[in-house]
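The values are calculated or read from the model by the stated rules, or taken from the named source; none is laboratory data. All values derive from a computational prediction rather than experimental measurement. Here the Cβ positions follow ideal geometry from the backbone for every residue, glycine too, while neighbour counts run over all protein chains shown.
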Amino acid sequence: MWTEQRERYIASLRQRLSNARFAHTLGVEQVAVDLAVRNGVDMHRTATAALLHDYAKELPKAELLALAERFGIAVDPVYQASPGLLHGPVAARLVQQDFGISDAEVLVAICNHTVGRAGMTTMEKIVYLADMIEPMRDFPGVEALRALARQDLDAGMLAALEQTVRYTMHRRLAVHPQSVEAYNDLLKIGKEKNHETV
Ligand code: FE
Ligand code: FE
C-alpha cells in the first residue's frame, strides 16, 4: 500500500521538479523519517508530507498567485511581495486535489513548511527542519543544526527560525508574521522547558 502510494508521488515529482530539487526532496524524506522515528510520529504520513512539500515549488509566481486566488488562500502583503512563499499553501491544496490526500496533519505540514506558525505540530516541525538540514544543504552552522534537531526538535526549530528570519532580514526581504509568531512561540516553549528542569 505505502510502496504503491510512494511510487505514485515519486513519478509525479519527477515530472514536476528539476533533478536537483527531486534529489532535495528525497533527502528531506530521509531526514524526516529519521526525525519521525525519534519523536514517535507516524513514518509514512511524515514521509508523505516530506515528499510532497515542494510539489508547487517550481510553478511560476504568476501561477502561484492565480492558484492562491482559486483556492481562496489569503494573499497577505508578504505573500504579495514574495509570491514564492505561497508554494507551501498552494502545494497543500494541489496534493489534496491530485492525490486525494485528506490527512489534515500532512496537509498542514506541507502548508507551513515555508513560513512556519505558532503552535506547530511535531510533524510540521519535522518537515520544516528536514527541509533545512537534508544531506545536500550546506551553510555555516548546518552541522550544529543537524545535531540539535536530532537531540531536541523544539530547540532545533528555534535555531532554524532564528537563522531563517536573520537571513531574510539580511537580504532585506519581508519577514512573514507567522515566522515571527513561530519564533516567539518556540522561545516561550524553550523557556518553559528550561524552567522545568531547574
Ligand atoms: Fe519549499
Ligand atoms: Fe524544500
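Of the conditions (1) more than 13 Å from ligand 1 (Cβ to nearest atom); (2) assigned to a helix (DSSP H, G or I); (3) more than 16 Å from Gly100 (Cα to Cα), Glu7 fails just one. Which one is it?
Against the list (1) more than 13 Å from ligand 1 (Cβ to nearest atom); (2) assigned to a helix (DSSP H, G or I); (3) more than 16 Å from Gly100 (Cα to Cα), Glu7 comes up short only on (3).
Does any residue in the range 133-146 that is touching a residue at least 12 places away in the same chain (Cβ under 8 Å) and within 16 Å of Ala159 (Cα to Cα) come within less than 8 Å, Cβ to Cβ, of a residue that is of a type in the set (Lys, Arg) and assigned to a helix (DSSP H, G or I) six or more places away or on a different chain, and which pairs are these?
Pairs found: Ile133/Arg146.
Out of the range 139-185, which residues are over 16 Å from the mean Cα position of the chain (by Cα), of a type in the set (Lys, Arg) and either buried (at least 17 other Cβ atoms within 10 Å of the Cβ) or outside any helix (DSSP H, G or I) (or both)?
Matches in the range 139-185: Arg171, Arg172.
Is it true that some residue in the range 36-54 is at pLDDT 95 or above, more than 29 Å from Leu153 (Cα to Cα) and surrounded by fewer than 23 Cβ atoms within 10 Å (Cβ to Cβ)?
Checked the range 36-54: no residue is at pLDDT 95 or above, more than 29 Å from Leu153 (Cα to Cα) and surrounded by fewer than 23 Cβ atoms within 10 Å (Cβ to Cβ).
Are any residues in the range 9-35 farther than 21 Å from Gly88 by Cβ and exposed (fewer than 12 other Cβ atoms within 10 Å of the Cβ), and if so, which ones?
Ala11, Asn19
If I filter the range 125-138 for residues that are out of contact with any Gly (no Cβ under 9 Å at 6 or more places or on another chain), farther than 28 Å from His44 by Cβ and surrounded by fewer than 15 Cβ atoms within 10 Å (Cβ to Cβ), do I get at least one hit?
yes
Please find, within the range 90-106, the residue that is surrounded by the most Cβ atoms within 10 Å (Cβ to Cβ) out of those that are in contact (Cβ under 8 Å) with a residue 40 or more places away in the chain and assigned to a helix (DSSP H, G or I).
Val106
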